[in-house]
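Read-outs throughout are calculated quantities, based only on the coordinates presented, and are distinct from any laboratory measurement. Note that this is a predicted model, so its numbers are computed, not measured.
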């Protein structure tokens, strides 16, 4: 039996506590004993998450109707979803966009139309970026002309993003790439010569 399930009982996974505290103006102390868990890339955090997942699965595997529940939940979530249409760009680069999910896709796909009457075509599908569907679109913005789309991509829910620039007619990324961007917006300058980020 896994360590999380002993003698038919589910064992709690204890998190290590540290003597960590912050002192704020006025002498106010705030304890932060689990700060070590804030590092998602550390080996210790990875082992703790793995143990938590093992504990969760040990419980879920005891449910007599688990497969039926899974089937019913899948049916409830499996329907097509479409976001609101928005317009970006000018003249030759004016396009209409919306996000769409066929039902059970991990990430929404960005669709594009040349006019409101034309058929929507796929502009960008983040589901194709990884086999497990965990790469997603983060901060993003179209240039003023609409010719370029700057978009951040994050992996596995990370706050860190890599920003790429895509040309809308070719649907190809340029050579521009900005790595290690966190908690940033994207704001283009007039003339499409670049954008601000932090």
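How large is Rg over Rh for the stretch 5-62, taking Rg from the Cα atoms and Rh as the Kirkwood inverse mean of 1/r across Cα pairs?
Values: Rg = 15.9 Å, Rh = 13.6 Å.
My calculation puts Rg/Rh at 1.17.
Largest GNM mean-square fluctuation across 142, 124, 183, computed for the chain with C-alpha springs under 10 Å, falls on 183. Rounded to whole Å, give me the distance from the Cα center of the stretch 179-198 to that of the stretch 12-69. About 34 Å separates the Cα centre of the stretch 179-198 from the one of the stretch 12-69.
The GNM of the chain, with springs linking C-alpha atoms under 10 angstrom apart, assigns the highest mean-square fluctuation among 138, 46, 26 to 26. In the chain, the longest principal axis of the Cα atoms and the axis of helix 43-60 are about 80 degrees apart.
Computed over the chain, the P(r) tail beyond 32 angstrom holds 41 percent of alpha carbon pairs. Note on the stretch 81-198: percent of Cα-Cα distances in each 5 Å bin, starting at 0 and stopping at the bin with the largest distance, equals 2, 11, 21, 24, 21, 14, 6, 1. For the residues 39, 119, 176, a GNM of the chain with alpha-carbon springs under 10 Å puts the largest fluctuation on 39.
Measure nothing but the geometry: give the 0 to 90° angle between the long axis through the Cα atoms of 66-77 and the longest principal axis through the Cα atoms of the chain, rounded to 10°. With rounding to tens, the tilt is 20 degrees.
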